[in-house]
Amino acid sequence: MGTPADEARVMGVDGLDALIRALGERGYEVLGPRVRDGAIVYDGIDGAADLPVGWGDEQAPGHYRLSPRDDDACFGYAVGPHSWKRYLLPPRSKVFEAERGAKVFALRSAEMPRKRFAFVGVRPCELAAINIQDHVFLRDTARDVLYASRREDIALVAVQCTEPSGTCFCASMGTGPAATDGFDVALTELLDGHHRFVASAGSELGRELLAAVGAAEAEQADVDRATTVVDEAAQRMGRSLDTEGLAEALYANLEHPRWSEIAERCLGCGNCTLVCPTCFCTAVIDTNDVTGTGALRERVWDSCFTIGFSYIHGGSIRPSLRARYRQWLTHKLATWRDQFGTDGCVGCGRCITWCPVGIDITVEAAALHEPAPAAGAGR
Amino acid sequence: MTTLATTAAASAAEIDKRLVPVPHRVVAVRRDTADTVTIGLAPLEDAPPPFLPGQVDMLYAFGVGEVPISISSDMLLGSQREYTIRRVGPVTRALTDVTVGDRVGVRGPFGVPWPLEDAEGADILVVGGGIGLAPLRSLILQLLDRRNDFGWVSILYGARAPGDILYRSELEQWRGRLDTDVDVTVDAAGAGWHGNVGVVTRLIPRARFEPGRAMAFVCGPEVMMRYTAESLLQRGVPPERIYLSAERNMLCGIGTCGHCQLGPFLVCRHGPVLSWARIGPYVRVREL
């Protein structure tokens, strides 16, 4: 992989449009950002005109609004409530079907979808999130066929981040605002003067696509400008999270009084887990048809904020909201590392924006980083 | 586009088997206690991969759901396996209502087994509480089969009441052996019970073992395992030689559904068998 700067190309909006169409012509189902229901969401796109042209977003704890921009930026927003996991790990998918005769039953697994996805407009934090879920679902000892069948042969068109929101903290998580690998094509949108995109290929497919759309060799000035706008974005991050020694502190602070304070604010709604691009927990639902001869198992997104999540015979392991929030946060920032060798957080800020009461993971992690005040003796 | 993703496709068929149950035939049903039944299952198609004592299978009741159940039969019996199931919810009700000839789906085996190989030469303590004796039975059968590989062997078992004692005739048979100590207690007894009364931890001080060369295998309700571990530590058994079978909500069996987390551990993948040295600090935390 790798993207040396000398390979940088440049193209206009028509080039971007051609890129999207070229992906479609190659048999990909092309998905990208669109405006719908007052938010920027991911859905099918046919060309550059489908993108959220001229829209930005305003984000703060518990706050999200689209705002019109005074330019025609195609990617002039941070991230919306959707993440790409809804395609790689669908909210609901079939695991198997079963059929029963007199006293027997036969099982057959769900057919694997074979359509190849092309994601356009993948933020660096989202590339990091996809990589994190790869570590969960594509491990040697436990490859997940449902995920793998969607993940393989995917085309990724990344867009470097130039408009971080008020809840973003990818710079402190080391996942953005610039992506250096893991994509087929990476674009940086430049809005000064002529509206253009500096493009670099990260794979053979990427080089082929850029050649097909006739992207010209970029001038050094454009390459420098592209670096500058992304560097500036890093300076404009709304938040930061200090991960130095954080995992160890969380392990040491499992009985910290802060957990109870958070529980008084937290509604236990699970929004944070649904918008999170790395949260991977799923449940299975077994159902019968009306005749009782057909049965179905589906896998659905689940959330550690539900009481049923930890249920074993006799009740829930984590009946209190304090314990459920603690499970979520310690998983994200501490135990995930032990389980999968990566962090569970990429700093996209979605959990802060979409929390109805505006609980801020960066603030809570900072509070939990400190030992409990006097009363909490013993550490 | 990454190598990780491409290699994943190659073994798609193999994964499928881990997610989709294989139909088995019910070959035996035995009522153990008022709420507990042992069923024997034999594969209808390919024999499942071999298991080791302490491992878990996911049992599927048609259209009702799936539950993790430890394999309690002798591993030397091969593909025909036994599962001891307590009726507590819809799935276990369906699984305990089966009759010979019925079908049950099986996925597995999953998880880390009891470290039997590391136990050679050790004094062995098997401590069970309630239905916790079921995951220990496959271990006990191996211990007794290879009895000369170990030092003292003690089986300590506690049940709520005399009527709840699991595998009673087998316990009596094991107790009849001259090379094995079996001590049983009940929490509460009525007339007609002439054995021990009290919690199982009270059997530990009088059990025969050399703490320095002992190895303990414990399974039961979490609170019972916690107190058992404390008692064993008090008698000088090192924490890394006390093994527990942890219990959490297992759905997938391969460490991807997230439900069975216990601190840093995914119980289905890193456990269920874990040493006290590793899980002790987490089992002590309430609601973790």
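Odds and ends about this structure:
- The residue list A:Gly294, A:Gly349 contains one member that is small (Gly, Ala, Ser), over 21 Å from A:His63 (Cβ atoms) and open to solvent by less than 20 Å² (accessible area, probe 1.4 Å), which is A:Gly294.
- Where B:His259 falls short, out of the listed (1) in contact with a strand residue (DSSP E or B) (Cβ under 6 Å, 6 or more places away or on another chain); (2) crowded, with 18+ Cβ neighbours inside 10 Å: (1)
- Residue tally, condition in contact with a helix residue (DSSP H, G or I) (Cβ under 9 Å, 6 or more places away or on another chain) and open to solvent by 40 Å² or more (accessible area, probe 1.4 Å), over segment B:169-186: 3
- Residues (free of Cβ contacts under 8 Å to residues at least 60 places away in the same chain and β-branched (Val, Ile, Thr)) located in segment B:14-37: B:Ile15, B:Val37
- Looking only at residues in segment B:76-118 that are more than 17 Å from the chain's Cα centre (by Cα) and small (Gly, Ala, Ser), the one that is modelled with the highest pLDDT is B:Ala94.
- A single member of B:Thr33, B:Thr38 is out of contact with any strand residue (DSSP E or B) (no Cβ under 7 Å at 6 or more places or on another chain) and more than 14 Å from chain A (Cβ to nearest Cβ), and it is B:Thr33.
- Filter pass, A:Gly358 being over 22 Å from B:Gly258 (Cβ atoms), within 14 Å of chain B (Cβ to nearest Cβ) and either at pLDDT 95 or above or open to solvent by 10 Å² or more (accessible area, probe 1.4 Å) (or both): no
Let's see how each residue does on (1) within 24 Å of A:Ile361 (Cβ to Cβ); (2) out of contact with any strand residue (DSSP E or B) (no Cβ under 9 Å at 6 or more places or on another chain); (3) open to solvent by 40 Å² or more (accessible area, probe 1.4 Å); (4) touching a residue at least 12 places away in the same chain (Cβ under 8 Å):
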site	(1), (2), (3), (4)
A:Tyr42	yes, no, no, yes
A:Pro61	yes, yes, yes, yes
A:Leu66	yes, no, no, yes
A:Arg69	no, no, yes, yes
A:Asp72	no, yes, yes, yes
A:Trp84	yes, no, no, yes
A:Tyr87	no, no, no, yes
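- Lone unmet requirement of (1) within 8 Å of another protein chain (Cβ to nearest Cβ); (2) touching a Cys at 6+ places or on another chain (Cβ under 9 Å) for A:Cys348: (1)
- Of the numbered criteria (1) open to solvent by 20 Å² or more (accessible area, probe 1.4 Å); (2) over 21 Å from B:Arg284 (Cβ atoms); (3) of a type in the set (Lys, Arg), the one A:Arg322 fails is (2).
- Pairs where the first residue, in segment A:237-248, is within 13 Å of A:Thr175 (Cβ to Cβ) and the second is part of a loop (DSSP other than H, G, I, E, B) and of a type in the set (Phe, Trp, Tyr), C-beta under 8 Å, 6+ apart: A:Met237/A:Phe169; A:Ser240/A:Phe169; A:Leu241/A:Phe169
- Residue match in segment A:140-159 (condition: within 14 Å of chain B (Cβ to nearest Cβ), in contact (Cβ under 8 Å) with a residue 60 or more places away in the chain and open to solvent by 30 Å² or more (accessible area, probe 1.4 Å)): yes
- Scoring A:Thr306 on the criteria (1) closer than 30 Å to A:Ile40 by Cα; (2) at the interface with another protein chain (Cβ under 8 Å from one of its Cβ atoms) leaves a single failure, condition (2).
- Test for B:Ile155: is it within 24 Å of B:Gly271 (Cα to Cα), in contact (Cβ under 8 Å) with a residue 12 or more places away in the chain and touching an Asp or Glu at 6+ places or on another chain (Cβ under 9 Å): yes
- Once segment A:97-127 is narrowed to residues that are at pLDDT 95 or above and outside any strand (DSSP E or B), the residue that is nearest to A:Cys348 (Cα to Cα) is A:Cys125.
- Of all the numbered requirements in (1) surrounded by fewer than 23 Cβ atoms within 10 Å (Cβ to Cβ); (2) without any contact (Cβ under 8 Å) to a residue 60 or more places away in the chain, B:Gly101 misses one, and that requirement is (2).
- Set B:Val267, B:Val199, B:Val285: member being over 26 Å from A:Arg337 (Cβ atoms) and either modelled with pLDDT of 95 or more or open to solvent by less than 40 Å² (accessible area, probe 1.4 Å) (or both): B:Val199
- If the condition is being of a type in the set (Val, Ile, Thr) and open to solvent by less than 10 Å² (accessible area, probe 1.4 Å), then segment A:5-29 contributes only A:Ile20.
- Listed here are the strands (runs of 3 or more DSSP E) enclosed by segment A:29-77 that have at least 2 residues being outside the structural domain of A:Val357 (by TED's automatic domain parsing) and of a type in the set (Ser, Thr, Tyr): A:63-68.
- Test: residue in segment A:335-343 that is surrounded by 24 or more Cβ atoms within 10 Å (Cβ to Cβ), of a type in the set (A, V, I, L, M, F, W, C) and either more than 14 Å from chain B (Cβ to nearest Cβ) or touching a residue at least 60 places away in the same chain (Cβ under 8 Å) (or both): no
- A:Gly270 being at positive phi and open to solvent by 50 Å² or more (accessible area, probe 1.4 Å): no
- Selection from segment A:273-295 of residues that are more than 9 Å from chain B (Cβ to nearest Cβ) and under 20 Å from the mean Cα position of the chain (by Cα): A:Thr273, A:Leu274, A:Val275, A:Cys276, A:Pro277, A:Thr278
- Hey, B:Asp149 of a type in the set (D, E, K, R), within 27 Å of B:Gly271 (Cβ to Cβ) and open to solvent by 10 Å² or more (accessible area, probe 1.4 Å) or not: yes
- Some residue of segment A:195-214 being in contact (Cβ under 8 Å) with a residue 60 or more places away in the chain, buried (at least 24 other Cβ atoms within 10 Å of the Cβ) and closer than 28 Å to A:Trp354 by Cβ: no
- Meets criteria (open to solvent by less than 20 Å² (accessible area, probe 1.4 Å) and either of a type in the set (Lys, Arg) or not in a helix (DSSP H, G or I) (or both)) for B:Leu136: no
- Of residues in segment A:165-194 being open to solvent by 20 Å² or more (accessible area, probe 1.4 Å) and under 23 Å from A:Tyr64 (Cα atoms), the one nearest to the other protein chains (Cβ to nearest Cβ): A:Thr175
- When segment B:43-72 is filtered for residues that are open to solvent by 20 Å² or more (accessible area, probe 1.4 Å) and either in the same structural domain as B:Ser275 (by TED's automatic domain parsing) or in a strand (DSSP E or B) (or both), the ones remaining, listed by number, are B:Pro43, B:Glu66, B:Val67, B:Pro68, B:Ser70.
The values are calculated or read from the model by the stated rules, or taken from the named source; none is laboratory data. Keep in mind that this is a model prediction, so the values were computed, not measured. In this analysis, Cβ positions are derived from the backbone assuming ideal geometry, glycine residues included, and neighbour counts consider all displayed protein chains. Heads up: the accessible areas ignore ligands, DNA and RNA and are worked out on the full protein's heavy atoms, side chains in. Shrake-Rupley method; radii C 1.70, N 1.55, O 1.52, S 1.80 Å.
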